[in-house]
């Protein structure tokens, strides 16, 4: 049974904000470990890239099940489980030097941990705690919190690696996760569940309804593109800059931090604007904007300043898709199975993430550069721009109302 005591929205946003800050902030910095781990173990970049690709894929694969668990048992228990899995995954990455075991173990542990601590896990309690008029704004606030984590944790993680060593950095992050996430999880008590007259929709009925509805399938396709783009850039940006002659590691650190900083504003205002304008048009504009920013970055002479401008621009568009996508799902299907349905959409995001990070390493290994992956990233942005336009955001019409 889920706890029935209902915290106010402010408490939910603060607690989930701390959880998202760490969950997404730590994960966003994994690119800093690519070179030291690869050098220490004598691996190619493809090996470490595959490990992160499997993490992203497992994050998506576990997402629907974590959502089901949240909808049934409550957010607190799922986040606590996720915190312990996250710490275990970081220890695994620090201690295991056999490639297959490193890829499989870190992939499963970190992937499951993120499914239990990131957007899919907390979207349900945020949506159920916020009144309808403030729901899109609340989703934007949670995305902004994760963006703050990306901004704040980049220099922290890089300094940990520089001063404590890459293995000790994992140990420190594991301890930090447990110290922060566990008490914050206890504050995520579910709001009371309203019981209305009418039939109760089962989990399988909700799944069949969603996958049989064309707008949901379009969201799946669009989110695939989002995952491909952001994870390729986040993981391979430091190595890409070094390959291009920008040897100062602080440039990559500052670039990733800028993405997180500007994403705070992008996510917040995307959620705010989602309560005013059609979300499908905003989503389409975000993907178009990404394509333009990436194209300009590739065409312009590369320098530290062009990297910073690119990071600021792409940061505004980074996770601004999250509050809009969750808002569309909540608006169409209601709140009852929001965590689960968000998990399915996010699985598509993570399939894209898997391909983005793995293809980056694979194509680099085969060709010695990232040119082909950048072109794929651009093309997918145009594709996502087009497929979001016809999404119907109106609540799905059922024969009898099913309580949200």
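Things worth noting here:
- Helix 371-387 vs. the chain, principal-axis angle (Cα, 0 to 90°, nearest 10): 20
- Rounded D (µm²/s) - the chain, Kirkwood Rh over Cα pairs, Stokes-Einstein at 20 °C, 1.002 mPa s: 102
- Among 118, 295, 185, the largest mean-square fluctuation in a Gaussian network model of the chain (Cα springs under 10 Å) belongs to 295.
- Counting neighbouring beta carbons within 10 Å and listing from fewest to most, the residues 135, 45, 280 come out as 45, 280, 135.
- Using alpha carbons only: equivalent-ellipsoid semi-axes of the range 302-366, gyration tensor based, whole Å: 31, 19, 5
- Least to most buried among 217, 128 (fewest other Cβ within 10 Å first): 217, 128
- Degrees between helix 338-367 axis and first principal axis of the chain (Cα, 0 to 90, nearest 10): 20
- Shown for 394, 187, 336: other C-beta atoms within 10 Å of each C-beta, ranked fewest to most, produce the order 394, 187, 336.
- Most mobile of 179, 273, 283 in a GNM of the chain (Cα contacts under 10 Å): 179
- Using a Förster distance of 45 Å, the FRET efficiency for residue 306-residue 214 (Cβ separation, nearest 0.05): 0.65
- Rough spin-label spacing in nm, given labels placed 7 Å along Cα→Cβ, for residue 8 and residue 132: 2.4
- Largest first and in whole Å, the equivalent-ellipsoid semi-axes of the range 117-169 read 33, 11, 5, each the square root of five times a Cα gyration tensor eigenvalue.
- Label zone (residue 386, point 7 Å along Cα-to-C-beta; backbone nitrogen cut-off 18 Å) within the range 292-315: 292.
Laboratory data are not the source of any read-out in this text; all were calculated from the coordinates shown. A quick note: this is a predicted structure, and the numbers were derived from the prediction, not measured. Using ideal geometry, Cβ is built from the backbone for each residue, glycine included, and neighbour counts are taken over all protein chains shown.
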